[in-house]
Amino acid sequence: CAGTYGTPPILMRSGIGPADHLGSVGVPVRVDLRGVGANLADHPEVEINCGYRGAVRSAPLLHSVATFHSSAAASGSPPDLMLWMPEPVALDEGTRVFEIDVLLLKPRSRGTVRLRSADPADPPRIDLPNVREAVDVDVLAEGFRRAQEVANRPEIRRLCADPPSPQIADDDELRRFVRTNVYSIPHVVGTCSMGPSSDDGAVVDALGRVHGTEHLFVVDASMMPTVPSGFTHIPTIMIAERLSEQIGALP
């Protein structure tokens, strides 16, 4: 239960993980599970600064959130975009900021968590997914366009002295902006993905039991096979509460 970044290294240094990778860092293989450390999913984000110059707090207390579907979303699917607007704040250097954060909620891009060595003191190598899939770039760019519309609304402009930035009209330029400026929020999940069979890349079953082992469980955000259409905090608590009851009831 060390989390999306921490659980895979513990398993891999114990010999549970992709056999070829374990062999490359000198760890004897106990259970060959190719899904350990794979399938790293996140909510990649870009932002637009609304140009606020009024009174601020040192940290935001109020947040406004709106989720919606992109033009690429399948009918009946969960929302795949979010606009997140924390109240204006002052940065460390005194700059006042009022941002609209654009989050891609259902990305297709995936990353990995891998060992640098067998040494437990050596931090893992984390390859964030960002927006390596072209469709993720397009959807996040569409969300940015929506954020531009909101930032230019009269209700927002009454509060903000400076124009929103960046102002990007050209579609190709916007795609380049997304690729260059995207960052992790981070809402990372998926590196010990839940599923019925290790043949499909799953690491744990629906109870959190690690495939191919006995009496070994994973209960944290790493077991979510896909990232939720929202913040990951509450789903992680729900998983922990539910599985703690079920595991505790086992003979």
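The values are calculated or read from the model by the stated rules, or taken from the named source; none is laboratory data. Bear in mind the structure is a predicted one, so any value in this text is a computation, not a measurement. Note: ideal-geometry Cβ built from the backbone for every residue, glycine included; neighbour counts use all protein chains shown.
Among the residues of the range 43-52, are any outside any strand (DSSP E or B), out of contact with any strand residue (DSSP E or B) (no Cβ under 7 Å at 6 or more places or on another chain) and either surrounded by fewer than 18 Cβ atoms within 10 Å (Cβ to Cβ) or in contact (Cβ under 8 Å) with a residue 40 or more places away in the chain (or both)? I'd like the intermediate steps shown before the answer.
First, the residues of the range 43-52 that are outside any strand (DSSP E or B): 43, 50-51.
This time we only want the ones that are out of contact with any strand residue (DSSP E or B) (no Cβ under 7 Å at 6 or more places or on another chain), so: none.
The answer is no; no qualifying residue exists.
Consider the range 182-224. How many of its residues are farther than 19 Å from SER244 by Cα and either part of a loop (DSSP other than H, G, I, E, B) or among the aromatic types (Phe, Trp, Tyr) (or both)? Of the residues in that region, 13 qualify. Among the numbered conditions (1) assigned by TED's automatic domain parsing to the domain that holds ILE237; (2) out of contact with any His (no Cβ under 8 Å at 6 or more places or on another chain), the only one that SER64 does not meet is (1). Looking at the range 97-133 only, could you name the residues that are of a type in the set (S, T, N, Q), modelled with pLDDT of 95 or more and buried (at least 16 other Cβ atoms within 10 Å of the Cβ)? SER109, THR112, listed by residue number. Restricted to the range 152-177, and to residues there that are among the aliphatic types (A, V, I, L, M) and either at pLDDT 95 or above or not in a helix (DSSP H, G or I) (or both), the residue that is surrounded by the most Cβ atoms within 10 Å (Cβ to Cβ) is LEU174. Given the structure, is ARG116 outside any strand (DSSP E or B), among the basic types (Lys, Arg) and more than 16 Å from HIS187 (Cα to Cα)? Taking the combined requirement at face value, the residue satisfies it. Can you name the residue in the range 14-31 that is in contact with a helix residue (DSSP H, G or I) (Cβ under 9 Å, 6 or more places away or on another chain) and part of a helix (DSSP H, G or I) and is also surrounded by the fewest Cβ atoms within 10 Å (Cβ to Cβ) among such residues? Applying the filter and picking the extreme gives HIS21.
In this structure, does PHE144 turn out to be within 30 Å of ARG53 (Cβ to Cβ), surrounded by 20 or more Cβ atoms within 10 Å (Cβ to Cβ), of a type outside the set (Gly, Ala, Ser) and in contact with a Cys (Cβ under 6 Å, 6 or more places away or on another chain)? So PHE144 fails the test.
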